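Reviewing the structure listed below.
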Amino acid sequence: KAGVTQTPRYLIKTRGQQVTLSCSPISGHRSVSWYQQTPGQGLQFLFEYFSETQRNKGNFPGRFSGRQFSNSRSEMNVSTLELGDSALYLCASSRSTGAYTEAFFGQGTRLTVV
Amino acid sequence: DAKTTQPNSMESNEEEPVHLPCNHSTISGTDYIHWYRQLPSQGPEYVIHGLTSNVNNRMASLAIAEDRKSSTLILHRATLRDAAVYYCILRDRPSGGGADGLTFGKGTHLIIQP
């Protein structure tokens, strides 16, 4: 069974630009969550989508947004990029959304803002 | 989510058992205890989770204290591949349904000596 696929793996953008990251969950998984990992802040939850609806959101500014499509694939968008947005962005998929559910992570997209 | 406390680092020898402790004294009755690990340059990987009873799977065992205020992840026979950062996470179901994102702390950096 294929794992969680994130594209692209690496990205370099200029301050002020916007970026879209993509995540394809494991087949049959309907929940997709996004996380940001930086050396200073560690792994932080961005948001979770289930059945095309955002169910929960972390403490990030409105420049960070996402969506989920009917096939459960998800995209994350960051507008007006700042240098501090340089990070590893991780996507995780789960079969459902319960607190008992395990999450399966992709390899991440490494975003560098210059 | 309630907080967890883990040692910053631990060291063990290859082929020996490893006991990774986690304290969660403010755990609520509905918090699930999850363990994830992150190998270098990879996304986090689910290890195990439990609610009240001890749990075993092919990767590890989870021993939960009777009062649930602490738990221990047990790797029965450590290999070099087990060198990673191990995260103990409590996960509850918010009132709106779904699940809060995983709240990763700093975790325990496990070093395996050959």
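Some observations on this one:
- Against the empirical curve 2.2 N^0.38 Å, the C-alpha radius of gyration of the protein assembly as shown lands at a ratio of 1.02.
- A crude spin-label estimate for the pair B:ASP67 and B:ASN54, with each label 7 Å from Cα along the Cβ direction, gives 2.0 nm.
- Average beta-carbon neighbours from other chains, 10 Å sphere, peptide A:93-103: 6
- Viscosity 1.002 mPa s, temperature 20 °C, Stokes-Einstein D of chain A from Kirkwood C-alpha radius, µm²/s: 153
- Built amide H within the under 5 Å cut-off of A:GLY108, gap 5+: A:GLN6, A:CYS91
- For the range B:73-78, the Karplus equation 6.51 cos²θ - 1.76 cosθ + 1.60, evaluated at θ = phi - 60°, returns couplings of 8, 10, 9, 6, 8, 5 Hz by residue, with Gly and Pro reported as x.
- Phi-derived couplings, Karplus 6.51 cos²θ - 1.76 cosθ + 1.60 at θ = phi - 60°, listed residue by residue for the range A:101-114: 7, 8, 10, 10, 9, x, 7, x, 10, 8, 9, 10, 9, 10 Hz, with x used for Gly and Pro.
- Probe 1.4 Å, protein heavy atoms only - accessible area per residue of the protein assembly as shown in square angstrom: 49
- Neighbour cut-off at most 15 other Cβ (10 Å), DSSP loop, trypsin sites (Lys or Arg not before Pro), the range B:5-77: B:ARG58, B:LYS69, B:ARG77
- Fully extending the segment from B:LYS3 to B:ARG77 would add 23.8 nm, taking 0.36 nm per residue of separation and subtracting the current Cα-Cα distance.
- In this structure the amide hydrogen of A:ALA103, modeled in the peptide plane, comes within under 5 Å of no amide hydrogen from residues 5 or more places off or on another chain.
- Converting the Cα gyration tensor eigenvalues of the range B:16-58 into ellipsoid dimensions via √(5λ) gives semi-axes, longest first, of 21, 14, 12 Å.
- Note on A:105-113: average number of Cβ atoms from other chains within 10 Å of each residue's Cβ is 2.
- Between chain A and chain B, roughly 1700 Å² of accessible surface gets buried, counting both sides and using a 1.4 Å probe.
- Expected-Rg normalisation [2.2 N^0.38 Å, Cα atoms] applied to the range A:59-114: 1.30
- Counted residue by residue at 0.36 nm each, then reduced by the alpha carbon distance between them, the extension gain from B:LYS106 to B:ASP92 reaches 3.1 nm.
- Among A:SER27, B:PRO44, A:ASN77 - extreme Cα towards positive end, dipole of the protein assembly as shown, charges at beta-carbon: A:ASN77
- Across peptide A:38-49, the average count of Cβ atoms from other chains found within 10 Å of a residue's Cβ is 3.
- Cα convex hull, the range A:5-68: 107 Å³ per residue, rounded to a whole number.
- Calculated over chain B, the projected area of the Cα convex hull averaged across directions stands at 7.0 nm².
- Of the solvent-accessible surface of the range A:39-104, computed with a 1.4 Å probe and all protein chains present, 47% belongs to carbon and sulfur.
- Across the options A:LEU88, A:GLY62, A:ILE12, the greatest Cα extent toward the positive end of the charge dipole of chain A (unit charges at beta carbon of Lys, Arg, Asp, Glu) belongs to A:ILE12.
- Placing +1 on the Cβ of every Lys and Arg and -1 on the Cβ of every Asp and Glu, with no other charges, gives the protein assembly as shown a dipole of roughly 660 debye about its Cα centre.
- In order along the range B:4-12, the Karplus-derived 3J(HN,Hα) couplings, from 6.51 cos²θ - 1.76 cosθ + 1.60 at θ = phi - 60°, round to 10, 10, 10, x, 5, 8, 9, 10, 8 Hz, and Gly and Pro are given as x.
- Difference of contour (0.36 nm per residue) and Cα-Cα distance, A:SER70 to A:ARG9: 19.6 nm
- Portion, in percent, of the accessible area of the range B:36-97 that falls on carbon or sulfur, probe 1.4 Å: 47
The values are calculated or read from the model by the stated rules, or taken from the named source; none is laboratory data. Every value quoted in this text rests on a predicted model; they were computed, and no experiment measured them. Every residue, glycine as well, gets a Cβ built from its backbone with ideal geometry; the counts of neighbours run over all protein chains shown. Just the protein is used for accessible areas: all its heavy atoms, side chains included, with ligands, DNA and RNA removed. Shrake-Rupley method; radii C 1.70, N 1.55, O 1.52, S 1.80 Å.
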